[in-house]
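The values are calculated or read from the model by the stated rules, or taken from the named source; none is laboratory data. Note that the structure is a prediction, hence the values are computed from the model and not measured. Please note: Cβ atoms are built from the backbone with ideal geometry, for glycine as well, and neighbour counts cover all protein chains shown. Heavy atoms of the whole protein, side chains included, go into the accessibility calculation; ligands, DNA and RNA do not. Shrake-Rupley method; radii C 1.70, N 1.55, O 1.52, S 1.80 Å.
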Amino acid sequence: RPLGRAEYESGLSYGPFIEADTFYWMANIPSSGMAVEWLRRVVPPGTPPVDYDTVDRLLAGQPAGPSGLLFGPFLSGMGTPSYNERLRGCLLGLDENTGFAQMLKAVVEGVALQGRSILTLAPAADGPLLVAGGAANSAPWMQLKADVMQRPLRVSELREGALYGAAGLLARQLGAPFARPQGCSALYTPNTTLAPAYAALHHRYQGLVDWLSAEAAQPREHQGKQQEEQQQNG
């Protein structure tokens, strides 16, 4: 598609592509899959990371709808749209009954909520969104993502999409034939009855991002004093 000033000012990465007279336009979430890796590693402490079969089982066993927690997936800063390395994540709503499975669902929801925010900056055409990567192998994860984003998800049949894309670019430069697969291995459709609940959660999420952004904008000296006071009061 033609790219212009609106795309340039959208907050997504934008610049010259490898081919002549073409540009790339892309978004990123630095701590997407890494957020789940973080939770698997630190909870419960002192034990081996939870395996992905258990992750699937725990996600599938959670009640439908929002987890009741709110996760800001900024463990290594924010990518699109502000590219703020100082912004940090958080997990809100914990109480004495909160367990690992509920936190796991909240982490997956938080990443999907950030994806939903990005879609408001770069509206995609109607129809399924193409997904790939390790998380695409998890049916409960993909269904939750579809529910949060309220968009159908089509899982690519390619297991190495980036490598395949690089091979396609090389073939084009060489003038060699290259077949682009069109199939998908799975299709996840959102539960539309959950649309109002996840729309409300997304509104809360946007408020959380605004607050975290304001905190990240504080001078480092101010943040240091806050941490010292918290340690003294703790």
Quick one: would you say Leu169 is hydrophobic (A, V, I, L, M, F, W, C), open to solvent by 30 Å² or more (accessible area, probe 1.4 Å) and in contact (Cβ under 8 Å) with a residue 24 or more places away in the chain? yes
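Any residue in region 60-69 that is farther than 26 Å from Pro196 by Cα, open to solvent by less than 70 Å² (accessible area, probe 1.4 Å) and in contact (Cβ under 8 Å) with a residue 24 or more places away in the chain? Spell out how you get there, then give the answer.
As a first pass, look at region 60-69 and keep what is farther than 26 Å from Pro196 by Cα: none.
Within region 60-69 (the criterion being farther than 26 Å from Pro196 by Cα, open to solvent by less than 70 Å² (accessible area, probe 1.4 Å) and in contact (Cβ under 8 Å) with a residue 24 or more places away in the chain), the answer is no, since none of the residues qualifies.
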Looking at Gly65, Gly79, Gly61, can you tell me which residue is modelled with pLDDT under 95 and either farther than 24 Å from Gln143 by Cα or not aromatic (Phe, Trp, Tyr) (or both)? Gly79
If you scan region 22-37, which residues turn out to be touching a helix residue (DSSP H, G or I) at 6+ places or on another chain (Cβ under 7 Å) and surrounded by fewer than 16 Cβ atoms within 10 Å (Cβ to Cβ)? Trp25, Gly33
Return the residue satisfying two criteria in turn: it lies in region 172-203 and is in contact with a Pro (Cβ under 9 Å, 6 or more places away or on another chain) and assigned to a helix (DSSP H, G or I), and of such residues it is surrounded by the fewest Cβ atoms within 10 Å (Cβ to Cβ). Ala200
Please go through region 148-178 and give me each residue that is touching a strand residue (DSSP E or B) at 6+ places or on another chain (Cβ under 9 Å), modelled with pLDDT of 85 or more and not aliphatic (A, V, I, L, M), ordered by number. Arg151, Pro152, Arg154
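From the list Arg40, Arg57, Arg86, which residue is surrounded by 14 or more Cβ atoms within 10 Å (Cβ to Cβ), in contact with a Pro (Cβ under 9 Å, 6 or more places away or on another chain) and of a type in the set (D, E, K, R)?
On the way: Arg57 fails: surrounded by 14 or more Cβ atoms within 10 Å (Cβ to Cβ); Arg86 fails: in contact with a Pro (Cβ under 9 Å, 6 or more places away or on another chain).
Selected residue: Arg40, the only one of Arg40, Arg57, Arg86 that is surrounded by 14 or more Cβ atoms within 10 Å (Cβ to Cβ), in contact with a Pro (Cβ under 9 Å, 6 or more places away or on another chain) and of a type in the set (D, E, K, R).
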Restricting to region 1-50, name every residue that is polar (S, T, N, Q) and touching a strand residue (DSSP E or B) at 6+ places or on another chain (Cβ under 9 Å). Ser10, Ser13, Thr22, Asn28, Ser31
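Which is without any contact (Cβ under 8 Å) to a residue 40 or more places away in the chain and in a loop (DSSP other than H, G, I, E, B), of Asp53, Asp95? Talk me through it step by step, then tell me what you get.
Working: Asp53 fails: in a loop (DSSP other than H, G, I, E, B).
None of the others qualify; the one that does is Asp95.
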Count of region 101-121 residues which are in contact with a Gly (Cβ under 7 Å, 6 or more places away or on another chain) and under 15 Å from Asp147 (Cβ atoms): 1
